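The values are calculated or read from the model by the stated rules, or taken from the named source; none is laboratory data. Keep in mind that this is a model prediction, so the values were computed, not measured. Glycine gets a Cβ as well: all are built from the backbone with ideal geometry, and neighbour counts include every protein chain shown.
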Number of protein chains: 2
Amino acid sequence: MEHDFGSMAALIGDPVRARILWILFGGRAYTASELAACVDTSPQNLSMHLAKLIKADLLSVEVQGRHRYYSFSRPEVAYAVESLAGLLPRKPGASQAAEKEDPPIRVCRTCYDHLAGSVGVAVTESLVGMGTIRLSGRTFEVTEKGDRWFDAIGIDCAELRAQRRGFARACLDWTERRPHLAGSLGAALLQVMMDRQWLRRMEGTRAVLVTGKGRKAMSEYF
Amino acid sequence: MEHDFGSMAALIGDPVRARILWILFGGRAYTASELAACVDTSPQNLSMHLAKLIKADLLSVEVQGRHRYYSFSRPEVAYAVESLAGLLPRKPGASQAAEKEDPPIRVCRTCYDHLAGSVGVAVTESLVGMGTIRLSGRTFEVTEKGDRWFDAIGIDCAELRAQRRGFARACLDWTERRPHLAGSLGAALLQVMMDRQWLRRMEGTRAVLVTGKGRKAMSEYF
DNA sequence: AAGACAGTTCATTTTAAACTGAACTGTAAA
DNA sequence: TTTACAGTTCAGTTTAAAATGAACTGTCTT
């Protein structure tokens, strides 16, 4: 009978840890120093909190040289964060109808600046299937055919490649556990889809809705 | 960007409050003194914690004379508790397959001593539809036809009515938000269904499985 | 009307946990 | 090989929040 779920809530409930989890909720892995900067606390203190989260298996670390990348260890963590966020007093303007269904964030959301969730993964896998991109380690490569495809929908790969930031990184989705397209190419693709009104952001969340127009267009393009 | 879900986690994370929520997770409403007894703390302290939970709209009170009945104010609270419980390290013996699906507790579970969840609600509504019981305020009335129906499956209503506890209370289910049959009649009905092997309790939880035999029998009876 | 009971409020004490400062490992650059 | 950087560990301090004791409101019983 005695169920110790309270200890998990207490763990998540500390303000610093909650801010850490909210940042990691985006799906990207962060280093300890990046987190310390975002969360605005001392490195020692942050380290203590990270240690607690690791011990409870809410986070996992990947060591890369002298950097340590922290991220959610399992999708359950994201579900818990989601459901806790769902407890907050709703803003008056929020639509009631949408709330009843499963949280849209699981299905389709933005991760940092690119498309994630099952839609993000599906789009990525479709691009792979079409032979436009190819997974290679931690990044995607764009094929010649892919260059033409992206050009057709208004994305200039050459220009993006010239940018300083990663061009076509592979970002791991914590609900799907499969890679999706990130980097400047992922961001550009999201931008195009937004511009064409295939997707619409929901205010105050990372959730994205697929519009009717978007559904049609995507079944054609992908 | 700043999302204060941590305050909700902190609220749930206190050991006393967590125990309160776990008890109320059963779906039944409890008075402050009942909770104090279950949770093993002083009435003042409990009152303070209840006040905090009320203020955050996690619980709601219903005043009945000098008693105050506390229960979840909305199903989101139950979801959050569920997802937090899902974060606990899994026991080695637990079946992996069952975990993947939606927690069975939402579908069919016992609430104190009677059948709740969607099955509990469905059974109750079927009884109403058959004209065996009729909702009247906070209790159900058993019709003449109902007396015979219950007698046929081995429940003596006259005997139950003589008992001190409520005979056929209406209990509100937090996932379905609809009343289901509680009280001594509800308990007796659950007992019969257990005895006949229509249902089987899952160890360590309130979840109840509908057996194959149960499915057949219930489609016949309800 | 008097007492018992259910429950709350408020001021005070207690306690657990977050934070700080200083010292320490291991990695990378100069 | 020296210096800087990323991150952790540990002992001591601080602080916010839970628990306690005493007094209070309202309700039911006899």
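See the values below:
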{"quantity": "Meets criteria (away from DNA strand C (no atom under 11 Å from the Cβ), surrounded by 15 or more Cβ atoms within 10 Å (Cβ to Cβ) and closer than 15 Å to B:GLY13 by Cα) for A:ALA56", "calculated": "yes"}
{"quantity": "Residue that is nearest to DNA strand C (Cβ to nearest atom) [pool: residues in segment B:60-83 that are hydrophobic (A, V, I, L, M, F, W, C) and closer than 22 Å to A:VAL81 by Cβ]", "calculated": "B:PHE72"}
{"quantity": "Subset of segment B:41-50 that is assigned to a helix (DSSP H, G or I) and near DNA strand D (Cβ under 10 Å from one of its atoms) - its residue that is nearest to the other protein chains (Cβ to nearest Cβ)", "calculated": "B:HIS49"}
{"quantity": "Candidate set from segment B:17-40 (those that are within 14 Å of chain A (Cβ to nearest Cβ) and over 16 Å from B:PHE72 (Cα atoms)); member that is farthest from DNA strand C (Cβ to nearest atom)", "calculated": "B:ASP40"}
{"quantity": "Residue within segment A:59-71 that is assigned to a loop (DSSP other than H, G, I, E, B), under 22 Å from the mean Cα position of the chain (by Cα) and touching a residue at least 12 places away in the same chain (Cβ under 8 Å) present", "calculated": "no"}
{"quantity": "Total residues in segment A:10-37, condition within 15 Å of DNA strand D (Cβ to nearest atom) and either aromatic (Phe, Trp, Tyr) or under 15 Å from B:PRO89 (Cβ atoms) (or both)", "calculated": "2"}
{"quantity": "Any chance A:ALA9 is more than 18 Å from B:HIS3 (Cβ to Cβ), more than 10 Å from DNA strand C (Cβ to nearest atom), out of contact with any His (no Cβ under 8 Å at 6 or more places or on another chain) and not in a strand (DSSP E or B)", "calculated": "no"}
{"quantity": "Test: B:LEU84 is more than 14 Å from every other protein chain (Cβ to nearest Cβ) and modelled with pLDDT of 90 or more", "calculated": "no"}
